[in-house]
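Presented below is the structure to which this report refers.
The values are calculated or read from the model by the stated rules, or taken from the named source; none is laboratory data. Note that the structure is predicted; figures quoted are calculated from it, not measured. When we count neighbours, we look across all protein chains shown, and the Cβ atoms used for this are built from the backbone with ideal geometry, even at glycine. Ligands, DNA and RNA are excluded from the accessible area calculation, which covers all protein heavy atoms including side chains. Shrake-Rupley method; radii C 1.70, N 1.55, O 1.52, S 1.80 Å.
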Amino acid sequence: MDEIMDAFRLANTALTINTFKELNEKSKNENIIFSPLCISSTLALVLLGSKENTAAEIKKVLNFENVKDGDFRFQTLTSDISRISAASSLKMVKRVYVDSSFNYTKEFINSTKKPYASELEIIDIKSRAEEARKQINNSVKDLTDGNMENVLAEGLLNENTNMIMLGAAYYKANWLYKFNESETKECEFHVTKTETKPVQMMHLEARLGVRTINEQNLIVLDIPFASKQMSMLIIMPKSIEDDSTGLEKLEKELTSDNYINWTNPSMMANSKVKLSLPKFKITSSLDLKDKLKSMGMNDAFNEEVADFSNMSEKKGLSVSEAIYEISIDIGEDGTEAADVIRERVLMSKTECNVDHPFLFAIKHNKTQGILFWGRYTGPAVSS
């Protein structure tokens, strides 16, 4: 089982890192957030309907060459996430909307029923594009408890729209250990070696997973969310070494193998940590069509050559849009007070001051699947 799990996990980790590197091309110093799970599961659903080179290219982007049971893995992961969502603010919408003018085969519809139970929607897009857009936006708004509005911009859909890959994910942190709000105060965040910006810094003393990797000058922190089914991993340089945000060296060394090694739960020490972490919100609207193309998925977007004959016998079916909207809100909320009183006074504390740019992952602990991936480089100019 481990080997199968590893192929699937490795694939999803590779997609995460590759997507991050694509987004990083344009915005070296900006805050970044996206949901690898939203991207991978919509791609996997589209893969089910594709054939020949179209399928080969999607498989390559998914890194699914060695994955035998991807659909089943998504099915189990999705049902786990649904249970977590029911009890928390986590909302994840993963949809593929296809236009109803194509006749979809019974085999295809049936093949999606179990693994992607609510993810395929057949609607009239071409004949009533603006209505379809509003319908999709309202549906996403409802499914994210009103946190995601107008995911599809006005005029985006038209009579040529065939298929839309869409993801929307929202999470407002609810930690296992609550940060004491009265201790949150303005502190300096080192956006570069020489420049600082003020942030609201939260403080906590609790037992957390922590690992120091000296060769890479790295600190890895694992901070659990309520119910312990998810946690936030922070990967950051111990200090800013270069003239950028300090992340350039780390980002160059970032591969899926390195990520898995660095964040290996068995290498984490369960330590008493004195943690300082900035409060922050990051929201982003991503049009990933060009990014997916540069990752190697070209045919699916090209009406002339796209082969979705597993889905419909009618020619001309292709992916028109790949839109993903993501938002996370990191604050003090938690379920229990950190139980520090009973610790021996002599016990040494590890100080972790997250006061310079870092990478983070919000992961599903059972499978180590990455639900959100981001980078925080400091408060945005506008805030």
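Under 10 °C and 1.306 mPa s, how fast does region 111-269 diffuse according to Stokes-Einstein, given a Kirkwood radius computed over C-alpha pairs? Answer in µm²/s, whole number.
Rounded, D is 79 µm²/s.
Under a crude label model (7 Å from the Cα following the beta-carbon direction), how far is Met268 from Ser127 in nanometres?
In this crude spin-label approximation the distance works out to 5.2 nm.
Let me see the pair-distance distribution of region 18-104: every alpha carbon pair, 5 Å bin width, integer percents in order.
3, 11, 18, 18, 18, 16, 11, 3, 1, 0
Report relative contact order for region 105-199 in percent, whole number only (criteria: Cα-Cα under 8 Å, sequence separation at least 6). Mind dumping the intermediate values first?
Numbers: 68 pairs, mean separation 18.8, N = 95.
After rounding, I find 20 percent.
Calculate, for Ala117 and Glu159, the FRET efficiency according to 1/(1 + (r/R0)^6) with r their C-beta to C-beta distance and R0 30 Å; round to the nearest 0.05.
0.50
Calculate the spin-label point distance for Asn261 paired with Thr335, positioning each point 7 Å from the Cα along the beta-carbon direction, and give it in nanometres.
Modelled inter-label distance: 3.5 nm.
I'd like the antiparallel share, as a percent to the nearest 5, of DSSP beta bridges with both residues in the chain.
Taking every DSSP beta bridge with both residues in the chain, the antiparallel ones total about 75 percent.
Taking Cα centroids, how far is region 1-54 from region 201-258 in Å?
Distance between centres, Cα-based: 21 Å.
Of Ala168, Ala269, Ala11, which is the most mobile in a GNM of the chain whose springs link Cα atoms less than 10 angstrom apart?
Highest fluctuation among the options: Ala269.
Please identify, among Thr194, Thr19, Thr76, the residue showing maximal mean-square fluctuation in a Gaussian network model of the chain using a 10 angstrom Cα cutoff.
Top of the fluctuation ranking is Thr194.
Structure shown: which of Lys60/Lys91; Lys249/Lys272; Lys28/Lys59; Lys60/Lys249; Lys51/Lys281 lie over 31 Å apart, alpha-carbon to alpha-carbon?
Distance filter (> 31 Å) returns Lys51/Lys281.
What are the residues whose amide H is under 5 Å from the amide H of Asn150, where those residues sit 5 or more places off or on another chain and H is modelled from the backbone?
Answer set, sorted by chain and number: none.
What translational diffusion coefficient, in µm²/s and rounded to a whole number, does the Stokes-Einstein relation yield for region 208-280 at 10 °C and a viscosity of 1.306 mPa s, taking the hydrodynamic radius as the Kirkwood radius over Cα pairs?
120
If you stretched the chain out fully between Ser101 and Lys134, how much longer would it get, using 0.36 nm times the residue separation minus the C-alpha to C-alpha distance?
Roughly 10.0 nm would be gained on extension.
So if R0 is 41 Å, what FRET efficiency would Asp145 and Thr212 give, r being the distance between their Cβ atoms, rounded to the nearest 0.05?
That pair, Asp145 with Thr212, gives E of 0.60.
Once you have the Cα-Cα distance between Glu313 and Asn298, take 0.36 nm times their residue separation minus that, and quote the gain in nm to one decimal.
Full extension of this stretch gives 3.4 nm more.
Below 8 Å, C-alpha to C-alpha, sequence gap of six or more: please give me the relative contact order for the chain in percent.
Reported relative contact order: 26 percent.
Expressed as a whole percentage, what fraction of the accessible surface of the chain belongs to carbon and sulfur atoms when a 1.4 Å probe is rolled over the protein heavy atoms?
Values: 8000 of 17180 Å².
In the chain, the share of accessible area belonging to carbon and sulfur is 47 percent.
What distance in nm separates the simple spin-label points at Ser79 and Lys238, each placed 7 Å from Cα in the Cβ direction?
Going from the Ser79 label point to the Lys238 one covers 4.6 nm.
Pop the C-beta distance of Lys349 and Gln200 into the FRET formula with R0 = 25 Å and round what comes out to the nearest 0.05.
According to the calculation, E is roughly 0.65.
So with the 1.4 Å probe, I'd like the accessible area per residue for the chain, rounded to whole Å².
I get 45 Å² per residue for the chain.
For region 91-159, what is Rg from Cα atoms divided by 2.2 N^0.38 Å, rounded to two decimals?
1.18
What are the extents of the Cα atoms of the chain along their three principal axes, listed from largest to smallest and rounded to whole Å?
Extents along the principal axes, in whole Å: 72, 44, 41.
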